[in-house]
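Worksheet: one structure, shown below.
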Amino acid sequence: IKQLQMADQIRASFTSWFRITVESVRRDKRSLKSVNLETFITQLCDAWNQVLSRKKISISTEFPDEDVIYRCFPYEIEIILNNLITNSVSILRDINGKKKEIRISLLNQESSIVLAYSDNGPGLVSAYKANPELILEPFESSKTNDSGEMVGTGMGMWLIKRTVSDYNGSIDLAQNRAEPKGFFCNIILPKTV
């Protein structure tokens, strides 16, 4: 019974991972449309939470009281969130002894929407701490394997930068300079694209 329960957990995790990867390329997500960001982000985070439960990593969300509707290509919002979450997971999975958390908040301002992302990992490595904007450049990475070899492509954050730029938005990484631990990224998307 224990083996069957473990196999069922693996199956559920695999199904969630399949949903995250395959669902993002569905045809309807490649069309410009008005999207309720709370619903959209909640569904994405629910799928990720199923995958991450075995790694003891959780994603929490916080939304404003009113609906936030944003005109976008849904798969591009997934590109942003999936890259951020993937980066956090690679950092958080090796941390022992503390709760591993990713937080996503949505702020509805007068002329923009702010997607506030953070994790409680160790933060940026010293090479990026003083100038966190460097991580937005192509081929910049600090991801290593267990042997210390560089394994990151350095394209994930650059892809986020390009996507946000297509919406005439901006990325604020300044909080990473001040905070000793954790990663912080505020994505500011103007309401009129």
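Report whether or not residue 42 is within 13 Å of the chain's Cα centre (by Cα), part of a strand (DSSP E or B) and under 25 Å from residue 167 (Cα atoms).
Taking the combined requirement at face value, the residue does not satisfy it.
Inside region 108-140, can you point out the residues that are touching a helix residue (DSSP H, G or I) at 6+ places or on another chain (Cβ under 6 Å) and under 17 Å from residue 63 (Cβ atoms)?
117
Among 95, 104, 91, which is within 20 Å of residue 169 (Cα to Cα) and not charged (D, E, K, R)?
Checking each option against the conditions leaves just 104.
Quick test of your reading of the structure: residue 98 fulfils all but one of (1) in contact with a Gly (Cβ under 8 Å, 6 or more places away or on another chain); (2) open to solvent by 20 Å² or more (accessible area, probe 1.4 Å). Name the failing condition by number.
Unmet for residue 98, out of (1) in contact with a Gly (Cβ under 8 Å, 6 or more places away or on another chain); (2) open to solvent by 20 Å² or more (accessible area, probe 1.4 Å): (1).
Which pairs turn up if I take residues in region 47-63 that are assigned to a strand (DSSP E or B) and look for partners that are surrounded by fewer than 18 Cβ atoms within 10 Å (Cβ to Cβ) and of a type in the set (Val, Ile, Thr) with beta carbon separation below 7 Å, at least 6 apart in sequence or on another chain?
Close Cβ pairs (under 7 Å, with a partner that is surrounded by fewer than 18 Cβ atoms within 10 Å (Cβ to Cβ) and of a type in the set (Val, Ile, Thr)) amount to 61/42.
What's the total number of residues in region 112-131 that are at pLDDT 95 or above and either over 15 Å from the mean Cα position of the chain (by Cα) or open to solvent by 50 Å² or more (accessible area, probe 1.4 Å) (or both)?
Result for region 112-131: 2.
Looking at region 153-193 only, could you name the residues that are among the basic types (Lys, Arg) and touching a helix residue (DSSP H, G or I) at 6+ places or on another chain (Cβ under 8 Å)?
Result: 161, 177.
Taking region 149-165 as the search range and keeping residues that are surrounded by fewer than 14 Cβ atoms within 10 Å (Cβ to Cβ) and modelled with pLDDT under 90, which one is nearest to residue 186 (Cα to Cα)?
If we take residues in region 149-165 being surrounded by fewer than 14 Cβ atoms within 10 Å (Cβ to Cβ) and modelled with pLDDT under 90, then 153 is nearest to residue 186 (Cα to Cα).
Could you list all residues from region 50-76 that are open to solvent by 10 Å² or more (accessible area, probe 1.4 Å) and within 24 Å of residue 155 (Cα to Cα)?
Answer for region 50-76, where residues must be open to solvent by 10 Å² or more (accessible area, probe 1.4 Å) and within 24 Å of residue 155 (Cα to Cα): 51, 59, 73, 75, 76.
The values are calculated or read from the model by the stated rules, or taken from the named source; none is laboratory data. Nothing here was measured: the structure is a model prediction, and the numbers come from that model. All Cβ positions, glycine included, derive from the backbone under ideal geometry; neighbour counts span all protein chains shown. SASA here: full protein model, heavy atoms, side chains in, ligands and nucleic acids out. Shrake-Rupley method; radii C 1.70, N 1.55, O 1.52, S 1.80 Å.
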